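Worksheet for the structure shown next.
The values are calculated or read from the model by the stated rules, or taken from the named source; none is laboratory data. This structure is a prediction, so every number in the text was calculated from the model and none was measured. Positions of Cβ are backbone-derived with ideal geometry, glycine not excepted, and every protein chain shown enters the neighbour counts. Heavy atoms of the whole protein, side chains included, go into the accessibility calculation; ligands, DNA and RNA do not. Shrake-Rupley method; radii C 1.70, N 1.55, O 1.52, S 1.80 Å.
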Amino acid sequence: EDGDEGALRMKCMINIQSEAKSFVCYVDTVEERIDWVTKIESCIDGVRKQFTADTGRMAAIWKPDGTTPACMVCGRKFKFTVRRHHCRSCGSVVCGECSRGRVLMEHIDNKFKVRVCDICVQGGNG
């Protein structure tokens with residue numbers, strides 16, 4: 001019984017993550033979860049479409065820190081002295097050495113240049 005109950009609880013879980021706050025919500029049924037997720041995705045899609053229409057660009061989705069133990073450009077392992085940074089153009093997690101470039105990306109900030117990785121600078125994606 002307890003195993004079945006735990007499995008159902010996991011199927012009824014909604015994991016919401018962002019850079020500012022992350023949390024878990026539980027609903028009563030799998031159908032209710034599907035309904036919630038569909039509505040949330042619809043809202044996100046609407047905001048993205050409006051943002052893209054307003055700016056002509058979409059902000060990159062940042063890769064979560066915990067999923068990237070090393071720089072996605074050079075492979076250096078992150079540690080206390082090798083910090084993680086996010087490329088504002090592609091969302092990759094990179095070290096400081098591989099993200100020295102700063103580019104004005106008006107859809108993010110129209111006054112200040114933001115950090116971009118070397119790959120995006122070289123490819124003109126910044």
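In table form, for the structure just shown:
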{"item": "Candidate set from region 87-126 (those that are of a type in the set (D, E, K, R) and at pLDDT 85 or above); member that is surrounded by the fewest Cβ atoms within 10 Å (Cβ to Cβ)", "result": "K111"}
{"item": "When residues of region 1-59 are limited to those that are in a helix (DSSP H, G or I), touching a strand residue (DSSP E or B) at 6+ places or on another chain (Cβ under 8 Å) and open to solvent by 100 Å² or more (accessible area, probe 1.4 Å), the one modelled with the lowest pLDDT", "result": "R9"}
{"item": "Counted residues, region 72-126 - those being outside any loop (DSSP other than H, G, I, E, B) and among the acidic types (D, E)", "result": "2"}
